[in-house]
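The values are calculated or read from the model by the stated rules, or taken from the named source; none is laboratory data. Here the structure is a predicted model, which means the values were calculated and not measured. A quick note on method: Cβ atoms are made from the backbone with ideal geometry, for glycine too, and the neighbour counts reach across all protein chains shown. SASA here: full protein model, heavy atoms, side chains in, ligands and nucleic acids out. Shrake-Rupley method; radii C 1.70, N 1.55, O 1.52, S 1.80 Å.
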Amino acid sequence: MKSALSDLAFFGGPAAFDPPLLVGRPNRIDRARLYERLDRALDGQWLSNGGPLVREFEERVADLAGVRHAVAVCNATAGLQLLAHAAGLTGEVIMPSMTFAATPHAMRWIGLTPVFVDIDPDTGNLDPEQVAAAVTPRTSAVVGVHLWGRPCAADQLRKVADEHGLRLFFDAAHALGCAVDGRPAGSLGDAEVFSFHATKAVNAFEGGAIVTDDADLAERMRALHNFGFGLPGGSPAGGTNAKMSEANAAMGLTSLDAFPEVIARNRANHAAYRTQLEGIPGVLVADHDRHGVNNHQYVIVEIDEETTGIHRDLVMDVLKAEGIHTRAYFSPGCHQLEPYRGQPHAPLPHTERLAERVLSLPTGTAVDEDDIRRVGDVLRFCATRGHELTAHHRDPADAAVAPRATTAASPVAAPRTTTPTPTIGRS
Ligand code: T4K
């Protein structure tokens with residue numbers, strides 16, 4: 001328990017966690033099952049190009065998404081590109097800035113122009129009114145992001161898309177197993193893309209899947225992700241290689257087996273964080289349950305600097321010194337990242353406000369209730385002694401509590417500027 005500033009590892013005290021606790025630790029799986037599946041692939045001498053494990057993985061993912069088709073791919077970024085290409089998108093694609101760089105980068109990489117619009121501050125997801133206002137003759141699609149697994153306002157977005165003849169796709173990288181009004185994520189758009197990256201609730205080491213009810217689109221994607229082979233009439237643009245291997249599918253299937261247990265643990269962890277942090281002025285634990293069924297793979301807190309006297313970035317550094325490695329999902333908004341910085345965009349006040357406050361805490365099977373109690377202690381200390389902590393950090397002349405040399409070099413205490421430090425990539 002920390003009671004004085006000098007107890008904090010940031011100011012030279014002992015760290016709360018050694019080894020550290022990290023956001024994004026892969027969830028536990030049954031290794032024997034993984035090895036059995038890998039043995040099967042090796043024995044069968046079929047390692048890629050639509051093997052039996054990939055087929056089984058696709059069936060199970062399509063089932064979870066409540067759709068007829070799933071095309072497994074090497075990662076969600078390639079999946080987004082494959083989808084945009086197969087759907088024949090051109091010109092501008094409307095999307096939120098409050099997302100991982102992969103969403104705009106995937107589009108830009110294939111010559112499309114991401115157009116950022118603001119979020120609904122209640123959900124963190126695309127605001128349909130802002131989407132309608134951003135449509136131009138060059139717009140071909142809307143790509144919503146189910147942020148932290150919260151399903152987008154699909155019906156309202158569908159209305160806007162239909163009015164303007166646009167395709168409606170979702171980046172569902174966070175949203176496997178999530179749902180709203182009984183409709184699973186994956187079934188809300190014309191097509192949606194899941195991520196099975198190592199850090200996700202279900203992982204295939206690396207991987208992704210595009211899910212859809214559109215049989216023609218699925219067929220095009222299946223051909224194009226294998227060099228365009230088998231596409232009726234051929235493919236003028238050729239094709240790419242975005243296939244998932246059997247080894248990735250073996251991991252994906254084994255991780256899917258563990259998914260119910262992972263969700264249960266995530267849900268319990270989320271509840272424990274809420275209990276620990278409830279009532280601390282200026283600290284808000286995002287309540288995903290208000291927005292539908294969630295897999296709870298992201299525990300998100302907002303730090304209000306005005307109330308606590310401490311900026312989120314300094315909280316991250318103090319936590320890191322304690323061995324608690326958080327991430328800011330997502331900060332800054334993509335419009336402030338290269339290569340989008342400096343390009344004109346609609347006003348994004350809600351995105352910018354959320355990006356300044358947001359913090360993602362460790363969860364998953366690597367984290368238990370006792371860990372959460374100890375994380376809660378440090379966060380409570382930061383929030384209730386925030387003014388003091390900030391003042392001491394800004395005045396290293398106070399030798400008794402001067403920050404450790406390594407962390408003092410961090411940019412967190414620099415005055416806020418219009419070009420924020422990319423907190424996602426900070427390590
Ligand atoms: N759309 C959205 C909305 C997304 O969030 C993402 C990916 C995508 C699209 C694209 O999906 P993929 O193409 O990746 O399938 C991480 C993930 O790399 C990224 O997949 C994910 N979103 C994003 C939210 O998180 P970083 O830059 O934070 O990764 P990194 O390497 O800093 O690791 C994050 C944390 O996880 C650290 O605390 C370390 C820990 N970690 C990581 C790995 C890889 C582990 O403990 N073990 C591991 O094996 O992006």
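Remarks
- Test: residue in the stretch 115-123 that is within 15 Å of the ligand (Cβ to nearest atom) and assigned to a loop (DSSP other than H, G, I, E, B): yes
- Condition broken by E302, with the remaining ones in (1) over 18 Å from G24 (Cα atoms); (2) under 17 Å from the mean Cα position of the chain (by Cα); (3) touching a residue at least 60 places away in the same chain (Cβ under 8 Å) satisfied: (3)
- Every residue from the stretch 318-353 that is more than 26 Å from T136 (Cβ to Cβ) and either hydrophobic (A, V, I, L, M, F, W, C) or surrounded by 21 or more Cβ atoms within 10 Å (Cβ to Cβ) (or both): V318, L319, A321, E322, I324, T326, R327, A328, Y329, S331
- Any hit, the stretch 182-190, residues being of a type in the set (D, E) and under 16 Å from the mean Cα position of the chain (by Cα): no
- Residue selected from the stretch 139-165 under the condition in a loop (DSSP other than H, G, I, E, B) and touching a residue at least 60 places away in the same chain (Cβ under 8 Å), by the criterion nearest to the chain's Cα centre (by Cα): R150
- Residue in the stretch 239-251 that is assigned by TED's automatic domain parsing to the domain that holds Q81, among the aliphatic types (A, V, I, L, M), over 30 Å from V367 (Cβ atoms) and more than 16 Å from the ligand (Cβ to nearest atom) present: no
- Qualifying position, being touching a helix residue (DSSP H, G or I) at 6+ places or on another chain (Cβ under 7 Å), buried (at least 23 other Cβ atoms within 10 Å of the Cβ), touching a residue at least 40 places away in the same chain (Cβ under 8 Å) and not assigned by TED's automatic domain parsing to the domain that holds T363, among V283, V202: V202
- If only residues of the stretch 378-397 that are without any contact (Cβ under 8 Å) to a residue 40 or more places away in the chain and part of a helix (DSSP H, G or I) are counted, the one that is most open to solvent (accessible area, probe 1.4 Å) is R394.
Residue by residue, here is whether (1) over 18 Å from G189 (Cα atoms); (2) part of a helix (DSSP H, G or I) holds:
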{"position": "G50", "(1), (2)": "yes, no"}
{"position": "R55", "(1), (2)": "yes, yes"}
{"position": "D63", "(1), (2)": "no, yes"}
{"position": "A72", "(1), (2)": "no, no"}
{"position": "G79", "(1), (2)": "no, yes"}
{"position": "L82", "(1), (2)": "no, yes"}
{"position": "V93", "(1), (2)": "no, no"}
{"position": "M98", "(1), (2)": "yes, no"}
{"position": "M107", "(1), (2)": "no, yes"}
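- Among (1) closer than 27 Å to N241 by Cβ; (2) open to solvent by 40 Å² or more (accessible area, probe 1.4 Å); (3) under 26 Å from the mean Cα position of the chain (by Cα) - the single one L82 does not satisfy: (2)
- Some residue of the stretch 211-234 being in contact with a His (Cβ under 9 Å, 6 or more places away or on another chain), within 16 Å of the ligand (Cβ to nearest atom) and not aliphatic (A, V, I, L, M): no
- Candidates V358, V375: the one that is over 21 Å from the mean Cα position of the chain (by Cα), modelled with pLDDT of 95 or more and either within 16 Å of the ligand (Cβ to nearest atom) or open to solvent by less than 10 Å² (accessible area, probe 1.4 Å) (or both) is V375.
- Test: residue in the stretch 99-113 that is closer than 30 Å to V285 by Cα, away from the ligand (no atom under 11 Å from the Cβ) and open to solvent by less than 10 Å² (accessible area, probe 1.4 Å): no
- Just one of the listed residues (A86, A134) is closer than 19 Å to P349 by Cα, of a type in the set (A, V, I, L, M, F, W, C) and in contact (Cβ under 8 Å) with a residue 40 or more places away in the chain, and it is A134.
- The stretch 3-47, residues that are away from the ligand (no atom under 16 Å from the Cβ), touching a residue at least 24 places away in the same chain (Cβ under 8 Å) and open to solvent by less than 40 Å² (accessible area, probe 1.4 Å): L5, L8, A9, F10, F11, A16, R37, A41
- Failed item, numbered, when E59 is tested on (1) touching a helix residue (DSSP H, G or I) at 6+ places or on another chain (Cβ under 9 Å); (2) open to solvent by 50 Å² or more (accessible area, probe 1.4 Å); (3) under 23 Å from A215 (Cα atoms): (1)
- Residues located in the stretch 292-315, provided they are open to solvent by 10 Å² or more (accessible area, probe 1.4 Å) and within 16 Å of the ligand (Cβ to nearest atom): Q297, Y298
- Residue that is buried (at least 20 other Cβ atoms within 10 Å of the Cβ) and more than 16 Å from the ligand (Cβ to nearest atom), where the choices are L168, L176: L168
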